[in-house]
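I have placed the structure first, in the form of structure tokens, so that the comments after it can refer back to it.
The values are calculated or read from the model by the stated rules, or taken from the named source; none is laboratory data. Predicted model, so just to flag it, every value in this text is computed and none were measured. Cβ placement follows ideal geometry from the backbone for every residue including glycine, while neighbour counts extend to all protein chains displayed. Surface accessibility is based on the protein's heavy atoms, side chains included, excluding ligands, DNA and RNA. Shrake-Rupley method; radii C 1.70, N 1.55, O 1.52, S 1.80 Å.
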Amino acid sequence: MPDSVVITGTGLFTPPHSISNDELVASLTVSATRFNEEHAAEIEAGTVEARAIPDAEFIEKASGIRSRYVMEKEGVLDPDRLRPHLPTRSEDELSLMAEMALPAIDEALAQAGRRRDEVDCIIVGASNIQRAYPAVAIEIQHTIGAGGWAYDMNVACSSATFSMQAAVDALRNGSARCALVVNPEITSAHNNFALRDHHFIFGDACTVAVLERADDAVAAEQWEVLRTRLETKFSNSIRNDFGFLNPCEDDARDPFELVFRQRGQQVFKEVVPLVVRHIEEQLGALSLDAAAIRRFWLHQANLKMNQLIAKQVLGRLPDETEAPVILDRYANTSSAGSVIAFHLHRGGLEAGHLGVLCSFGAGYSIGSLVVRKR
Ligand code: CO8
């Protein structure tokens, strides 16, 4: 097929610091206990709400998460701070998001058998971009000596699949020949670690995928994109109000009250049926039965959620090779999650085998690709 597009390589940057549930719970326990002692009188009078004490057992049971990687650990675990130390960089220094992307880009390009200067399209997709402009994607393009064009986009946890569809479209219409989809997620900087309901959910990572026209591809391993599908449906159940209007608002709000928040149970209930229907329609359009799919690389937010989605799509519980789990070690890395699963768990599949890469999250947004190993 002349307009066939293939994924020819993937790369992963895993930050150097891991935080276990026990470590996270210990620091928030100190912080919450201290707060409650300091505000004992107001709490007693009912004018201040006591802070809840977290529980490591709850976290693993409710989510399947055991640990997460972060760009900086000491600040997150400091009970007086509860957020990473990320020193200000000058304009002459590489931005943090570009820096974490470089090792993943090189790994992905090596798999694809491509040089940095052969890239002519870079799309950075993430749930938060560290500045409005110049685009981090353009900074990466400049740093690696790529040609063509680059831009940033944000569709929260679905940023990877949405940017992959954009890359597929660009390759098919001839506006690019070698596209990089880069998903640098520094979730630790937009999570409120003081909130018991949210402090355990996220982790940092960066993934990269190389996409090319099948005619051009030289990689030893290639995954043909049979179909992409994107879907959005407005919801306030996952929200982040941090933005450029904040300093102009008349009622100033604490920046850490503005970052990520969600109604987790509602998200779970509403998103599972949407994703199941999305995958069924995606497979239906290709006249494929779910039984034909060897692997589901799903968004990594919650283990029970993924088991339920896979169970409803397959009609039975998946085994661990069919719907690989990486959230136990990485937690929810937003858009990077399903790509990490694809990167680490696509071994053992043979030519002709089919898989589905699917992400879902804030917006709501759902994106998926059906791929076939060549
Ligand atoms: N320790 C002890 N108890 C806790 C803790 C904790 N750490 N956290 C909550 N509890 C308590 C609650 O307060 C509640 O207490 P009570 O019954 O007294 O009210 C009780 O435990 C039960 O809480 P929940 O009902 O919230 O527990 P759930 O079983 O629903 O599990 C989950 C919570 C794990 C969050 C679950 O609801 C879930 O995973 N839902 C799906 C969420 C999801 O997929 N979200 C997608 C978000 S990602 C995205 O798209 C945004 C991208 C932006 C990235 C932003 C990066 C920062």
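Tabulated results
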| quantity | calculated |
| --- | --- |
| Which numbered condition Asn154 fails, given (1) within 15 Å of the chain's Cα centre (by Cα); (2) surrounded by 24 or more Cβ atoms within 10 Å (Cβ to Cβ) | (2) |
| Hits in the range 228-277 - residues which are under 30 Å from Leu354 (Cβ atoms) and over 19 Å from the mean Cα position of the chain (by Cα) | Lys269, Glu270, Pro273, Val276, Arg277 |
| Residue list for the range 1-59, filter: charged (D, E, K, R) and either closer than 27 Å to Gly113 by Cα or in contact with a helix residue (DSSP H, G or I) (Cβ under 9 Å, 6 or more places away or on another chain) (or both) | Asp3, Asp22, Glu23, Glu49, Arg51, Asp55, Glu57 |
| Of all residues in the range 102-145 being among the hydroxyl-bearing types (Ser, Thr, Tyr) and under 25 Å from Asn191 (Cα atoms), the one that is least open to solvent (accessible area, probe 1.4 Å) | Ser127 |
| Subset of the range 206-249 (residues that are charged (D, E, K, R) and in contact (Cβ under 8 Å) with a residue 40 or more places away in the chain) | Glu212, Arg213, Asp215, Glu221, Glu224, Arg227, Arg229, Glu231, Lys233, Arg239 |
| Some residue of the range 295-304 being among the small types (Gly, Ala, Ser) and under 17 Å from the mean Cα position of the chain (by Cα) | yes |
| Long-range neighbours under 8 Å by Cβ, at least six apart or interchain, first residue open to solvent by 20 Å² or more (accessible area, probe 1.4 Å) and more than 7 Å from the ligand (Cβ to nearest atom) within the range 185-196, second basic (Lys, Arg) and part of a loop (DSSP other than H, G, I, E, B) | Ala189/Arg83; Ala194/Arg51 |
| Tabulated pairs, the range 36-61, first at negative phi, second among the acidic types (Asp, Glu) and within 16 Å of the ligand (Cβ to nearest atom), C-beta under 7 angstrom, 6+ apart or interchain | Ala56/Asp22 |
| Where a residue in the range 323-340 is farther than 18 Å from Met164 by Cβ and of a type in the set (S, T, N, Q) and its partner, wherever it lies, is within 14 Å of the ligand (Cβ to nearest atom) and assigned to a strand (DSSP E or B), with Cβ under 9 Å and at least six apart | Asn332/Arg68; Asn332/Phe202; Asn332/Gly361 |
| Unmet criterion (only one of (1) over 16 Å from Arg196 (Cα atoms); (2) crowded, with 20+ Cβ neighbours inside 10 Å) for Val76 | (1) |
| Test for Ile19: is it buried (at least 16 other Cβ atoms within 10 Å of the Cβ) and away from the ligand (no atom under 14 Å from the Cβ) | no |
| Residue satisfying all of: in the range 41-60; more than 7 Å from the ligand (Cβ to nearest atom) and surrounded by 12 or more Cβ atoms within 10 Å (Cβ to Cβ); farthest from Leu28 (Cα to Cα) among these | Glu42 |
| Counted residues, the range 227-257 - those being within 12 Å of the ligand (Cβ to nearest atom) and either within 26 Å of Arg83 (Cβ to Cβ) or modelled with pLDDT under 95 (or both) | 6 |
| Tally of residues being in contact (Cβ under 8 Å) with a residue 24 or more places away in the chain and more than 14 Å from the ligand (Cβ to nearest atom) across the range 68-85 | 6 |
| Set Leu230, Leu211: member being outside any loop (DSSP other than H, G, I, E, B) and touching a Phe, Trp or Tyr at 6+ places or on another chain (Cβ under 8 Å) | Leu230 |
| Matching option when the condition is over 26 Å from Met153 (Cβ atoms) and surrounded by 16 or more Cβ atoms within 10 Å (Cβ to Cβ), among Ala336, Ala310 | Ala310 |
| Qualifying residues in the range 166-184 (those that are surrounded by fewer than 24 Cβ atoms within 10 Å (Cβ to Cβ) and among the polar types (S, T, N, Q)) - the one farthest from Val5 (Cα to Cα) | Ser175 |
| Ser287 being among the small types (Gly, Ala, Ser) and surrounded by fewer than 24 Cβ atoms within 10 Å (Cβ to Cβ) | yes |
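Okay, residues lined up against (1) charged (D, E, K, R); (2) in contact (Cβ under 8 Å) with a residue 24 or more places away in the chain:
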residue: Arg115; (1), (2): yes, no
residue: Asp120; (1), (2): yes, yes
residue: Ile123; (1), (2): no, yes
residue: Val136; (1), (2): no, yes
residue: Ala160; (1), (2): no, yes
residue: Ser163; (1), (2): no, yes
